[in-house]
Amino acid sequence: MDIKNRTAIVTGGGTGIGRAVSLELAASGTAVVVNYSRSRVEAEETVEAIRGFGGQAVAVRADVSVDTDVRAMVRAADEAFGSVDLLVNNASVTRHIPMQDLEAVTDDAWDELVNINVKGMFYCARAAAPLMVRGGGGAIVNVGSIAGKTGQGSSLPYAVSKAAVHGLTLSLARALAPRIRVNAILPGAVGTRWWAGREEQMQKLAPATLLASISSPEDIARAIRFALEQESMTGQLVTVDGGQTL
């Protein structure tokens with residue numbers, strides 16, 4: 001799929017992996033809707049960076065866990081660029097809770113992580129799909145995590161929510177075929193602001209990967225672009241972790 005002159009929505013598109021994806025797609029000629037919930041300044045900076053090299057982008061606020069917000073975001077994308085062809089479901093949150101401390105896992109933690117990490121991706125796919133079909137087809141990439149494969153991570157609800165994202169990817173691939181392809185990229189450790197205050201821990205992790213390095217947001221962005229472009233691939237969970245899980 002040639003992504004030039006297409007329109008993409010990137011949720012959580014102003015920071016970390018989302019920002020790298022927004023820049024990567026815009027550099028390829030894609031018009032980008034940079035979604036944000038709280039990071040307005042970062043989203044607007046990403047838009048300005050894209051416009052600075054001649055790309056097209058707008059920042060649109062939406063809480064992906066709120067269906068009405070999501071539908072309004074998709075309408076705004078259609079009004080701005082005339083289509084929605086690509087969706088990168090990147091927006092996610094976590095809670096840092098020791099895996100062994102089950103009593104520390106509150107209902108609030110479950111609700112927040114499931115509502116944003118899982119239901120939010122479903123809401124976005126559901127809202128965007130009719131516009132993709134209208135335009136002749138499209139592609140969705142969900143950002144999962146190796147936490148969903150290993151059961152380890154920043155917290156038990158986070159790992160479970162990402163496992164659910166993987167299952168959602170498979171179900172959406174079936175539900176939206178053949179017009180819309182749906183895949184997931186599963187990053188391992190990535191050098192984003194998630195590690196703020198934990199840089200020493202990150203540096204200790206790097207030598208434990210086969211490639212002896214932590215992935216950059218740009219590494220993940222290139223993998224996401226590949227999954228959007230690859231016309232013969234759907235329902236795939238592609239791990240990009242420097243060999244961390246191997």
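The values are calculated or read from the model by the stated rules, or taken from the named source; none is laboratory data. Owing to the predicted nature of the structure, the values given are computational and were not obtained by experimental measurement. Neighbour counts are summed over all protein chains in view; Cβ atoms, including those assigned to glycine, are modelled from backbone coordinates with ideal geometry.
Data table
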quantity	calculated
Count of residues meeting criterion [under 16 Å from I146 (Cβ atoms), among the aliphatic types (A, V, I, L, M) and either touching a Lys or Arg at 6+ places or on another chain (Cβ under 9 Å) or not in a helix (DSSP H, G or I) (or both)] in the stretch 205-226	3
Residue ranges of helices (runs of 4 or more DSSP H) in the stretch 1-117 with at least 2 members among the aliphatic types (A, V, I, L, M) and without any contact (Cβ under 8 Å) to a residue 40 or more places away in the chain	16-27, 40-52
Subset of the stretch 213-246 that is closer than 19 Å to M1 by Cα and of a type in the set (S, T, N, Q) - its residue that is surrounded by the most Cβ atoms within 10 Å (Cβ to Cβ)	T234
Per-region count, the stretch 138-156, residues surrounded by fewer than 23 Cβ atoms within 10 Å (Cβ to Cβ) and touching a residue at least 60 places away in the same chain (Cβ under 8 Å)	5
Count - residues of the stretch 216-246 that are on the phi < 0 side of the Ramachandran plot, touching a helix residue (DSSP H, G or I) at 6+ places or on another chain (Cβ under 9 Å) and not β-branched (V, I, T)	12
Among the residues listed as G120, G138, G144, G167, the single one being of a type outside the set (D, E), in contact with a His (Cβ under 7 Å, 6 or more places away or on another chain) and modelled with pLDDT of 95 or more	G144
Scope the stretch 60-73; condition surrounded by fewer than 24 Cβ atoms within 10 Å (Cβ to Cβ) and among the β-branched types (V, I, T); matching residues	V60, V66, T68
